[in-house]
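Just below is one structure, and these are the notes that go with it.
The values are calculated or read from the model by the stated rules, or taken from the named source; none is laboratory data. From a predicted model like this one, the values you see are computed outputs, not experimental measurements. Note that we place each Cβ from the backbone using ideal geometry, even for glycine, and neighbour counts take in every protein chain shown.
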Amino acid sequence: MSRPDTVADAAATPGLRQPHAALGLTDAEYASIVTQLGRRPTDSELAIYSVMWSEHCSYKSSRVHLRQFADKAPPTTALLAGIGDNAGVVDVGQGYAVTFKIESHNHPSYVEPFQGAATGVGGIVRDILAMGARPVAVMDALRFGPADAPDTRRVLPGVVGGISFYGNCLGLPNIGGELVFDPCYSGNPLVNALCLGVMRHADLKLAQASGPGNKVVLFGSPTGPDGIGGASVLASASFGTGDASGERAKRPSVQVGDPFMEKLLIECCLELYAAGVVVAIQDLGAAGIACATTELAAAGQAGMAVSLDAVPLRDRGLTPPEILMSESQERMMAVTEPADLDQFIKICAKWDVPATVIGEVTPTGRLEVSWHGDLVVDIPPAGAADGPLYERPMRRPASQDVLRGDDPATLPRPGTGAELRADLLAIAGSASGADKAWVTEQYDRDVRGNTVLGTPHDAGVLRVDEESFLGVAIATDGNGRYCLLDPYSGTQLALAEAYRNVAASGGRPLAVTNCLNFGSPEDPAVMWQFAESVRGLADGCLALGIPVTGGNVSFYNQTGAEAIQPTPVVGVLGVLEDVRKRLPSGFGAEGEPVVLLGDTAGEFGGSLWAHVVHGHLGGRPPAVDLQADQRLAAVLTAGADAGLLAAAHDLSDGGLALALAECCLTGANRAAPPGAEGGTGCVLTLPAGPAAADPFTWLFSESAGRALAVLRPGAEAEFAALCAEHGVPATALGATGGQALEVTGLFAIPVTELSAVHRRTLPALFG
Amino acid sequence: MLSRTPLTLKVGIVTFPGSLDDADASRAVARAGGTPIPLWHGDRDLRGVDAVILPGGFSYGDYLRCGAIARFAPVMAELIPAANAGLPVLGICNGFQVLCEAHLLPGALTRNTGLHFVNRDVRIRIENNRTGWTSGYAPGEVITVVLKSGVGAYAADQQTLADLDTSGLVVARYADGSPNGSAGDIAGIAGAAGNVVGLMPHPEHAIDPLTGPGTGGLKFFSSILTPAAAA
């Protein structure tokens, strides 16, 4: 093995240039590193800086915009106070706190769909675990290219299989998510994984190393050569003579997951927390040991001395930069007091989790890493952790006006009952509108026994406390078509939809997380989309009074010059004081009144109807009225609380037509599921009259701020009063019952036919 | 045994590394009125329990074969002879796989025909209510429980399948056809002595309409609490 590049070597050759460009660092960034260190970096240091200053770790292009989430944060009592950067912890009452976060694993999932998606689940679960919470549920927001494209047949089954394999083996229920198809995601699928954790207030853990003399413990899987992108480049660029580097470069850059080890890590960590032997903890995700040591030391304003010789390796040929950058999965790093070390190691042994002391906290303020007795890293951790900050140029593209001018009003519309019926079935059977059971049946929805609602209901609802029935609701939404037409209002529409979905399940919305998926930040048009999207989300959260608690940015989702549609995925968390009052999304008993809440206008820009029936995308997205959404949510949660509602379902893409179809097929109760003959139908009449919209508009418009409410018989007057009190327009449409989705005077679709059309699409495509 | 009142019956629930539905099995035992006792895979100790449940999950990550490693856990060294001596044992999902690997039940569980994990509410018909775990059911009673497994198709040679049929040892069959390719639509079987039962779908997830498809699974856990069942 080559002799390592030491700090002494670097001091002796302070001006020797390093291959920074191959690691993605610009000349200016490299110069800044040299200034920080007063000499050239060693290869290990360069490895650390390259990953810490990558877009993924440093948010260097997005931070100037993301500040708005703090600057415009609404006043709230929902966040646990005094917790600084870890403010993703939401107080849900009764001494419970919930933490939730969504993160992208887009690029790995395209390269190696199964492992990419699997390790995406693993990563977000460790994030939540490192907060001190027990992970209790996962969700996935997925976007793929056209459903019938050959590459989608490669990517989708792999992604779903990977999520199924990892999440199921981990014992976490998968309680919701999204599945959308659009040509813009060809070559750039989006795999956004969300995890939700629950803890007692007192159990919050902080990721900062403090207390000189405390031990740094690495535990979990041994470190191998997986997920090393940059380090291989470094190895071949600086020592590129041996065969080893070339051989290593051929290894997969996507990590391989072991959910069994992760399950053990979860139980082990929770027992470590309960024993009170953890001072600080951090998961090892992107950039592995490099990131964990740097961030732990930087956050604790301490120093840290680490010996890489102590790191258990799967491959003894690894070099120091490779050990630092390895992204081997299922690893955690903790700081523990020396007096607690024995107990720490003993608990790890009980769970068969290997644990090794690799260093200790020092008062030096430096991160010092040694290898075979030589110092290979000596840096100020804060300097590496903070990273550069860019204000990228942004420019609204000229094409935006053309796009917005392409009004869907000119598209031929269905007029007769038969035409309306045909368009409804076309949407219900389209890949994006179809039943998702082919995917969701591969996920364990019920493990842990607290799942009150899962897919296909509007939100996932979990019981948190078995005695008091306290629970939480969570939903994610995003609509790339709306965001392409107008990233500001498109993002607010995603926020409003997730907010509405939580309320339609009976939950009171409390907090927001997000995963912002965009093209290249170096493209001014993409940067403009991003800035508009963030501004829209920050303004929207302020208007709705719910804070952003955390999030993730994924740039470079593009192939060549072709970026994906801007796709912010927004997650909203809500609380239910009593989960027994949750609202399902489907029709159950017969004879229950069906009421449409909210105003319907002729809004078809970016609609599913225009997309499916005409392949059209243009015009303006539906108008946003967040105050109307607040009023709607108040009616839904109050109606649920007062027992006036049997069910509720949010209206979004596909409008009233798709919402009704879903209500007929979803059912209200697992104990009395829709049978083989189908679900419960309904008989409805679309309002007529001078002020009313035409049937096409009623059925296919995607006006925001709307939901279907299914009333308990006899509750009509009280519910009408509730709507009037909150100023929410309510239109009685008819009642549940029968074996068809019947719109008086226009069409009737037997539920069996609807079911066949809705349910056959994905199995026919994916087997 | 006969002198005990039902409420004092202790039901052990084994946690292997990778067990996932152990808390759910405990909840079901408690809901039925029994006392759940946690049993640790590494301890050769059944802690004086009156019956044992091997819960669902992915013990040892399903490495090698589902249940193949768990079957060698220290606790199994106590459980296997106890089961052979008449201790009531219920294996659910992964627990069923462990029982087959331990040769306490004949046959094996194989990959679902679709090669996908399947999570679905399924109706099963109780074919044999003479076991300690099913005595509370009427013969032919149909209940809805949760199937969630990727390796859930029961398989055995023709002679074994015929023997299970003629001896009445099939405990439950899928009422609407097999969702996973299980031979003879078999959802669960009993050993020759009737005290050991393996079931692929999860009755412990059907004990409360709030969190599952009704309460149809609860009688698996209440049946065993009757003195006659555990005797």
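Values as computed for the structure displayed
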{"item": "Residues satisfying the stated conditions in the stretch A:620-652, i.e. more than 24 Å from residue A:724 (Cβ to Cβ) and buried (at least 23 other Cβ atoms within 10 Å of the Cβ)", "result": "A:621, A:622, A:652"}
{"item": "Count of residues meeting criterion [assigned to a strand (DSSP E or B) and either of a type in the set (Lys, Arg) or surrounded by fewer than 21 Cβ atoms within 10 Å (Cβ to Cβ) (or both)] in the stretch A:197-219", "result": "2"}
{"item": "Some residue of the stretch B:162-176 being closer than 29 Å to residue A:457 by Cα and under 13 Å from the mean Cα position of the chain (by Cα)", "result": "no"}
{"item": "Selection status of residue B:215, hydroxyl-bearing (Ser, Thr, Tyr), within 14 Å of another protein chain (Cβ to nearest Cβ) and surrounded by fewer than 22 Cβ atoms within 10 Å (Cβ to Cβ)", "result": "yes"}
{"item": "Qualifying residue in the stretch A:483-496 (condition: part of a loop (DSSP other than H, G, I, E, B) and either within 30 Å of residue A:558 (Cα to Cα) or more than 14 Å from chain B (Cβ to nearest Cβ) (or both))", "result": "yes"}
{"item": "Filter result for residue A:404 (surrounded by fewer than 24 Cβ atoms within 10 Å (Cβ to Cβ) and away from chain B (no Cβ under 14 Å))", "result": "yes"}
{"item": "Qualifying residue in the stretch A:706-719 (condition: of a type in the set (Asp, Glu), more than 28 Å from residue A:606 (Cβ to Cβ) and more than 14 Å from every other protein chain (Cβ to nearest Cβ))", "result": "yes"}
{"item": "Given (1) over 30 Å from residue A:169 (Cβ atoms); (2) touching a residue at least 40 places away in the same chain (Cβ under 8 Å); (3) not in a loop (DSSP other than H, G, I, E, B), number of the condition residue A:394 does not satisfy", "result": "(3)"}
{"item": "Sole residue being within 30 Å of residue A:391 (Cβ to Cβ), among the hydrophobic types (A, V, I, L, M, F, W, C) and either within 14 Å of another protein chain (Cβ to nearest Cβ) or free of Cβ contacts under 8 Å to residues at least 60 places away in the same chain (or both), chosen from A:530, A:518, A:469", "result": "A:518"}
{"item": "Within the stretch A:295-376, strands (runs of 3 or more DSSP E) holding 1 or more residues that are over 26 Å from residue A:276 (Cα atoms)", "result": "A:367-371"}
{"item": "Pair list, Cβ under 7 Å, 6 or more apart: the stretch B:65-84 residue closer than 17 Å to residue B:19 by Cβ and free of Cβ contacts under 8 Å to residues at least 24 places away in the same chain, other residue among the aromatic types (Phe, Trp, Tyr) and surrounded by fewer than 22 Cβ atoms within 10 Å (Cβ to Cβ)", "result": "B:69/B:63"}
{"item": "Long-range neighbours under 6 Å by Cβ, at least six apart or interchain, first residue part of a loop (DSSP other than H, G, I, E, B) within the stretch A:60-78, second small (Gly, Ala, Ser) and surrounded by fewer than 17 Cβ atoms within 10 Å (Cβ to Cβ)", "result": "A:74/A:545"}
{"item": "Extreme residue, nearest to residue B:188 (Cα to Cα), among residues of the stretch B:143-177 that are of a type in the set (D, E, K, R) and away from chain A (no Cβ under 11 Å)", "result": "B:173"}
{"item": "Any hit, the stretch A:434-443, residues being part of a loop (DSSP other than H, G, I, E, B), under 30 Å from residue A:615 (Cβ atoms) and more than 14 Å from chain B (Cβ to nearest Cβ)", "result": "yes"}
{"item": "The stretch B:178-212 - residue that is more than 14 Å from chain A (Cβ to nearest Cβ) and polar (S, T, N, Q) and, of those, nearest to residue B:97 (Cα to Cα)", "result": "B:182"}
{"item": "Within the stretch A:84-196, strands (runs of 3 or more DSSP E) holding 3 or more residues that are under 20 Å from residue A:432 (Cα atoms) and either of a type in the set (Phe, Trp, Tyr) or within 14 Å of another protein chain (Cβ to nearest Cβ) (or both)", "result": "A:174-181"}
{"item": "Filter pass, residue B:222 being more than 12 Å from chain A (Cβ to nearest Cβ), closer than 22 Å to residue B:144 by Cα and part of a loop (DSSP other than H, G, I, E, B)", "result": "no"}
{"item": "Residue list for the stretch A:562-581, filter: assigned to a loop (DSSP other than H, G, I, E, B) and either within 14 Å of chain B (Cβ to nearest Cβ) or buried (at least 24 other Cβ atoms within 10 Å of the Cβ) (or both)", "result": "A:564, A:565, A:566, A:578"}
{"item": "Residue list for the stretch A:98-125, restricted to those being of a type outside the set (Gly, Ala, Ser) and within 23 Å of residue A:475 (Cβ to Cβ)", "result": "A:98, A:99, A:100, A:101, A:102, A:103, A:105, A:106, A:121, A:124, A:125"}
{"item": "All positions within the stretch A:43-70 that are closer than 24 Å to residue A:540 by Cα and at pLDDT below 90", "result": "A:70"}
{"item": "Complete set of residues in the stretch A:300-316 that are closer than 19 Å to residue A:45 by Cα and aliphatic (A, V, I, L, M)", "result": "A:302, A:304, A:305, A:306, A:308, A:310, A:311"}
{"item": "Looking only at the stretch A:522-578, and only at residues there that are among the aromatic types (Phe, Trp, Tyr) and over 13 Å from residue A:491 (Cα atoms), the one that is modelled with the highest pLDDT", "result": "A:528"}
{"item": "Any hit, the stretch B:130-146, residues being touching a strand residue (DSSP E or B) at 6+ places or on another chain (Cβ under 9 Å), among the aromatic types (Phe, Trp, Tyr) and in a strand (DSSP E or B)", "result": "no"}
{"item": "Single unsatisfied condition, residue B:120 versus (1) in contact (Cβ under 8 Å) with a residue 40 or more places away in the chain; (2) surrounded by fewer than 20 Cβ atoms within 10 Å (Cβ to Cβ); (3) away from every other protein chain (no Cβ under 14 Å)", "result": "(3)"}
{"item": "Unique match (being more than 17 Å from residue A:656 (Cα to Cα) and exposed (fewer than 14 other Cβ atoms within 10 Å of the Cβ)) among A:764, A:715", "result": "A:764"}
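Yes or no, residue by residue, for (1) free of Cβ contacts under 8 Å to residues at least 40 places away in the same chain; (2) β-branched (Val, Ile, Thr); (3) within 14 Å of chain B (Cβ to nearest Cβ):
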residue	(1), (2), (3)
A:271	no, no, yes
A:291	no, no, no
A:305	no, no, no
A:320	no, no, no
A:329	no, no, yes
A:338	no, no, no
A:349	yes, no, yes
